[in-house]
Structure formats: structure tokens, C-alpha cells
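A quick write-up on the structure given underneath.
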Amino acid sequence: MAASFPPGLVLIIGALLTAVTPGKAHKGWSLLAPLAALAMIWLFPENGRIVQHWLDYDLVIAQFNVPTKAFATIFALMAFGGALFAFNQDRRVELSGAMLYAGAAIGVTFAGDLITLFMFWELMAIGSTLVVWAGNTEAARKSGRRYVNAHLVGGAIMMAGIALHVQSTGSILLPKMVLGGDLVDPVRMIAEGGRAWLVPSLETPGSILMLIGILINAGAPALGSWLPDAYPEASPSGTVFLSAFTTKTSVYVLLVLFAGCNILVWVGCLMAVYGIVYAILENDMRRILAYSIINQVGFMVCAVGIGTGLSVNGATAHAFAHIIYKALLLMSAGSVLFMTGKRKCTDLGGLYKAMPITMWCGIIGALAISAVPLTSGFTTKSMITDAAAMTELWAPVTELNGQVVWDSLLHPSVAWFVLVAASAGVFLHAGIKFPWFVFLQKPAPKNDDRKLDPPSNMKWAMVLFAALCIALGVYPEPLYDILPFQRPDGGDLYHAFTYAHVINQLQLLLFAGLAFFVLLDRLKRTLTITLDADWIYRRMFPALWQWVFRPLLLALEPIHQGLIQGLPRMAAREFGAGGSVGKNARYQRWGVGTTVLLLTVVLLAFLVLNLFVNA
């Protein structure tokens with residue numbers, strides 16, 4: 001049974017049942033479906049395959065890729081935890097959208113070909129947009145529209161990349177990328193002793209376009225401003241769902257297709273620093289945590305680019321841990337918003353007596369994201385920094401006049417330094433800033449007898465995820481056992497609790513904490529607005545449309561009317577039966593990929609224009 005039914009489909013069916021079941025019974029499906037999907041994930045045989053013939057292709061609807069079990073497991077757990085947190089809220093659209101979102105994410109992790117992956121990829125965009133719009137505010141509606149436009153653009157770019165890849169290789173199988181004219185499996189090459197410079201680089205236009213499409217979803221700087229724009233506008237529970245799936249599914253696809261692509265080391269380091277800078281500048285607690293997602297995904301993207309067994313394991317483990325502690329932090333922030341209606345740090349503080357459970361769960365999440373020993377962040381993030389430190393394993397070298405020359409774009413020691421510095425920055429913006437300004441910065445009112453901790457389902461969801469943060473920090477072996485690469489002799493995979501690891505991390509956190517309190521006056525936020533790349537399409541392009549392009553189009557209206565009347569006749573003459581295009585031998589040689597690329601360019605032009613005009 002398990003081998004003939006895709007696990008992600010369980011949640012998609014759960015989404016439909018959640019949408020149509022009358023009364024409050026629909027909430028039960030949102031709890032049962034993730035648990036059923038989790039069971040199906042673990043019952044699915046490792047050599048199992050579900051294949052469906054379609055046109056000239058055999059679509060692999062479900063199979064175990066190397067990182068599948070870890071990612072699919074945490075996606076199912078996250079869907080359950082998010083549904084538990086949202087249980088008291090009457091948001092049918094949000095719950096059904098979230099189940100669709102989670103099911104599509106699991107579908108991506110099980111996909112065995114590029115077409116199946118893309119179909120689930122686009123289903124994720126639909127589900128997540130419903131979650132944003134379920135915030136039921138004007139800001140949620142506008143940010144949701146920008147969100148869906150950004151993802152449609154990314155999807156169109158990815159579709160063009162897939163079409164070109166299939167045209168040039170004739171293969172839709174996953175993972176198969178071009179290296180030196182051959183199709184290779186990046187993760188398998190690493191497992192067999194390959195290094196970063198041996199696995200696929202960006203050799204084809206298709207791979208470049210696919211990478212751009214994936215990085216848009218990953219939240220890469222200049223491409224990912226949709227994330228801090230949309231996530232904070234969702235409901236308190238909606239933001240919890242949104243934090244988990246899109247960016248981590250992107251990490252999964254990068255692992256499967258581009259493990260060892262050195263440019264990702266650059267991108268990851270930039271994301272890690274970019275997220276810190278904006279999170280420190282922010283005043284809105286949920287925007288702080290949204291930028292923190294970009295920072296943490298940067299660690300994972302960098303690990304993918306390093307391209308060794310340890311770094312791939314580190315990216316997988318850190319994605320698993322990050323989903324838990326980031327959800328916990330957003331549950332804490334969402335509880336504060338739900339109970340007080342406030343989200344700006346300047347309006348908060350002094351809640352430590354009124355919301356003790358929320359505060360302590362938030363502190364545990366803050367410790368985990370800061371990689372404090374005995375928390376999940378420590379046992380996973382150290383894999384990535386260790387992989388960066390092992391320079392001889394991932395950076396190719398050549399000898400030139402007796403000097404070592406690094407062929408990689410980024411010297412390994414620079415990558416290691418950026419990641420360590422970013423770790424200190426994480427403690428500043430999420431480890432201390434969030435709990436300090438939200439709960440502790442002001443004294444509690446005298447005789448404070450307010451009881452502001454949220455309803456019991458919200459508290460249980462926070463306690464569950466806080467327990468997981470500590471459990472994976474104290475005993476990480478169950479997580480290590482499902483990572484992509486295992487030792488052939490069955491020995492321990494990784495030792496996080498070494499003297500050097502613990503002392504180095506405690507020193508880093510100590511001085512970062514000291515810097516926070518020394519600079520506290522400068523870190524206090526005011527009612528300011530941070531400008532990100534979304535300013536371009538939210539402000540600049542609409543202004544250009546209003547004051548430049550729209551008047552120009554009005555002036556050209558007569559020409560426009562002539563085109564409208566003449567284009568159909570020209571199209572019928574040139575493209576119709578017996579038209580000149582059909583008789584042209586050059587056009588007859590165009591492949592399907594070229595046709596799809598042209599259609600994609602037209603679609604992209606429409607989407608970009610729509611994004612700019614209606615931002």
C-alpha cells in the first residue's frame with residue numbers, strides 16, 4: 001500500500017477534506033492528515049517507485065532520493081505542529097491552504113523527475129498564497145498579490161530552464177545534471193568521494209535558469225524580498241506555516257541538483273550577512289524573524305555549495321532543526337500578537353510576568369537559533385562550520401610558481417570566517433534582541449496580574465517544539481541516522497560535543513552577548529522603515545508607470561488601436577494554415593524547448609508588468 005501511494009498526496013487530500021467538511025470537524029483533518037503522511041513517509045520502501053506514463057515520458061511520482069526522508073519527515077511534523085497552533089482559530093482557508101502547501105512540499109521531496117517536481121513546486125505557490133491571503137487584512141491582500149507574482153515569475157524561469165534542460169539532454173530524470181557533456185547525479189558523486197569542483201557547474205542555459213528560479217524561492221538577496229514583505233502580513237498561525245516549506249524545499253532541490261556548485265558558497269555567505277543586517281535594523285518582531293530566515297537559509301545554501309558529505313549532511317540537519325526552532329520563535333511572536341495586537345518592539349516589553357510560558361518557549365527558540373550547546377542549533381550548525389573549515393576537502397588548488405592558487409571563487413577561510421561572524425550576528429538579532437525587546441526591555445507594571453498566555457492549543461504547540469529543540473540538542477543521533485550520508489562501518493556519524501566545539505561556541509556567544517548590552521542604546525529601535533529591494537517594484541516602477549509610461553501609452557493610443565485591428569489579420573496570414581511561418585524550414589527545426597522558452601518570455605513580460613503596475 002505505502003509503495004503505491006505518494007505520501008504528499010495524503011496531505012493534499014487532507015486539504016480538500018479540510019475545505020469541504022462542515023462545521024468545526026474540518027480542524028480534525030488538519031491534525032490527522034500530517035500524522036497519516038508521516039506514517040506513509042516511514043512506510044515507503046527505500047527502493048520503492050511510483051511511475052506514471054504520460055505522453056512520451058515516464059513520470060516518477062514518488063521515490064526516495066538521498067535527502068528525502070529527513071526533509072519529508074520534518075515537513076509532516078511541521079504541518080502537525082502548525083495545525084495544532086492554529087486549532088483555536090476559525091480559518092478554514094488557511095488550514096486547507098497550509099495542508100496543500102505541506103503536501104506539495106513533501107511531493108517535491110519524493111519527485112523523481114523534473115516535471116513532477118515542477119508540478120508540486122507550483123502547487124506550493126498556490127497553497128502558500130492562500131495562507132498569506134487568509135490574514136484577511138488589506139496589507140495581507142496586497143503583499144499576497146506581490147508574493148504570488150514573484151513566485152509566478154520564479155516558476156516561469158524554472159519552467160524555461162527545465163524545458164531547455166530536457167531539450168538538450170533528452171532526460172527528465174532527477175537528479176541528473178550536465179557535467180562535461182554527461183548526465184551525473186551530484187549527491188551520488190559526493191558520496192563516492194567527489195568534491196565540489198567535480199560536481200555540476202552551470203554548463204547549460206537550462207541549469208542557469210533553473211538555479212535562478214530556485215534561488216528566488218530560497219530568498220536570495222535582491223530576489224527574495226517577497227519573504228519579509230509577505231510573511232509578517234499573514235495571520236499569527238499563517239506565518240508559522242510559511243516559515244517552514246518554501247525556503248527549505250528550495251534547499252532540498254539545490255541539494256539534489258546543485259550540490260557542489262561553488263557559486264552557492266558566495267550566495268550563501270551573502271544571504272547570511274544580508275539577513276543579519278536587516279534583522280538588526282528592524283522594529284517589527286515578525287519582520288526580524290523573517291529576515292532571520294534568510295540568514296539561516298544562507299548557512300544551508302553555503303553548505304550545499306561546499307559540496308562534501310559533511311556539508312550536505314549539515315545542510316540537511318540544519319534545515320530540519322531550523323524548521324523547528326524558527327516555528328517556535330514565530331509561535332512565540334504570534335502568541336504575543338494574538339493576545340496583545342502589537343508587533344513592534346517599540347510597543348512591547350514587560351510581558352515576562354503576563355506571558356511566562358510564551359516567554360520561556362521563545363527563549364528556548366532563541367537559544368536554539370543561536371546554537372547554544374544542548375540545543376538543536378548547536379548539533380547541526382557546527383557541521384556546516386566544520387565543513388567550511390576543512391578547506392582541503394572542498395576547494396581545488398593548483399600550484400603556480402610554488403604558490404597555492406584557489407580555483408574556487410571564494411577562499412575557504414573567508415567562507416568560514418563569514419559563517420562564524422554570522423553566527424555571532426544571529427545571537428544579536430534573534431538570540432537576544434527578540435526576547436529582550438519583546439518580553440524583558442521594560443519593567444512589568446506594578447501588581448501585574450494579567451494572564452496573557454495564549455489558548456492551550458497554542459501553548460501545547462510551543463511546548464512540543466521547545467521540547468524538540470532540547471531533545472535534538474541533547475540526543476541528536478535519531479536525526480543523524482536519517483541524514484544522506486552514513487559511515488560504511490556503522491560508526492558515529494558526527495561528534496558535536498567536543499571540547500573545541502563547546503568552548504569556541506561559548507566564547508563566541510559570550511562576546512556577542514557582551515556586544516549587545518554595550519551597544520544597547522544604539523540597538524534600540526525607533527519607528528523607522530527599512531528599505532529593501534521590494535522598494536523597486538512597490539514604489540519606483542509604479543511611479544514610472546504613472547508618470548512616464550502611462551502618458552506615453554496614451555499619446556500612442558492611435559497606433560495602439562491600429563495594432564489591435566491589424567494584428568489578428570497578420571497573425572492569421574503568417575501563422576494560420578498555409579501561412580509563411582509554417583512553410584519556413586528554419587522555424588520547422590525549432591524544438592519544443594525553444595517554443596516553450598519564447599512562450600515563457602512573453603509570460604514573464606506580462607507577469608513583471610502586472611507586478612510593477614499593481615504593486
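Determine, from the Cβ-Cβ distance of Asp481 and Trp547 and an R0 of 45 Å, the FRET efficiency 1/(1 + (r/R0)^6), rounded to the nearest 0.05.
The formula returns an efficiency of 0.15 here.
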Next item on the list: Obtain the nm distance between the two label points defined at Ile529 and Thr498 by a simple spin-label model: each point lies 7 Å from its Cα along the Cα-to-C-beta direction.
Entry: 5.0 nm
Next item on the list: Mind checking which of Tyr278, Ser235, Ala315 is farthest towards the positive end of the stretch 224-371's charge dipole, using Cβ charges of +1 (Lys, Arg) and -1 (Asp, Glu) about the Cα centre?
Entry: Ser235
Next item on the list: For the stretch 241-259 and the stretch 12-35, compute the distance between their C-alpha centroids and round to whole Å.
Entry: 26 Å
Checklist line | Test item: Cα-centred dipole of the stretch 269-389, Lys/Arg +1 and Asp/Glu -1 on Cβ, debye | finding: 320 debye
Next item on the list: Positive end of the charge dipole of the stretch 1-106 (Lys, Arg +1 and Asp, Glu -1 on Cβ, about the Cα centre): tell me which of Val66, Val93, Gly8 has its Cα farthest that way.
Entry: Val93
Next item on the list: Could you give me the percent of Cα pairs per 10 Å distance bin for the stretch 1-146, shortest bin first, beginning at zero and ending with the bin that holds the maximum distance?
Entry: 13, 40, 32, 13, 2
Item checked: For the stretch 116-127, 3J(HN,Hα) per residue [Karplus equation, 6.51 cos²θ - 1.76 cosθ + 1.60, θ = phi - 60°, Hz, x = Gly/Pro] -> 4, 4, 5, 4, 5, 4, 6, 4, 4, 4, 5, x
Margin query: One quarter of the convex hull surface, Cα atoms only: what value does that give for the stretch 1-55 in nm²?
Written below: 4.7 nm²
Next item on the list: List the residues whose amide H sits under 5 Å from the amide H of Asp284, counting only those 5 or more places along or on another chain, with H placed 1.01 Å from N in the peptide plane.
Entry: Cys345
Note to self: If each residue of separation counts as 0.36 nm, what is the full-extension length gain between Leu519 and Val277 once their alpha-carbon separation is subtracted?
What the structure shows: 85.6 nm
Next item on the list: Rounded, prolate or oblate: pick one for the stretch 30-109, where a ≥ b ≥ c are the square roots of the eigenvalues of its C-alpha gyration tensor, a/c under 1.5 means rounded, and failing that, prolate if a/b is larger than b/c, else oblate.
Entry: prolate
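Between Asn47 and Lys142, take the C-beta separation as r, use R0 = 41 Å, and let me know the FRET efficiency to the nearest 0.05.
0.30
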Notebook entry, point to check: Between Ile126 and Ala421, what length comes free when the chain is fully extended (0.36 nm per residue of separation minus the Cα-Cα distance, one decimal in nm)?
Noted result: 102.5 nm
Next item on the list: For a quick protection proxy, order the peptides 336-343, 4-11, 232-239 by their average other-Cβ count within 10 Å, most packed first.
Entry: 232-239, 4-11, 336-343
Check: Quick one: Debye curve from the C-alpha atoms of the stretch 260-308, no solvent, what's log10 I(q)/I(0) at q = 0.15, 0.17 Å⁻¹?
Finding: -0.38, -0.46
Checklist line | Amide H contacts of Ala62 (H built 1.01 Å from N, under 5 Å, at least 5 apart or other chain) | finding: Ile50, Gly112
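Laboratory data are not the source of any read-out in this text; all were calculated from the coordinates shown. Just so you know, these numbers come straight off a predicted model, no measurement behind them. Because the Cβ atoms are built from the backbone with ideal geometry, glycine has one as well, and the counts that use them run over all protein chains shown.
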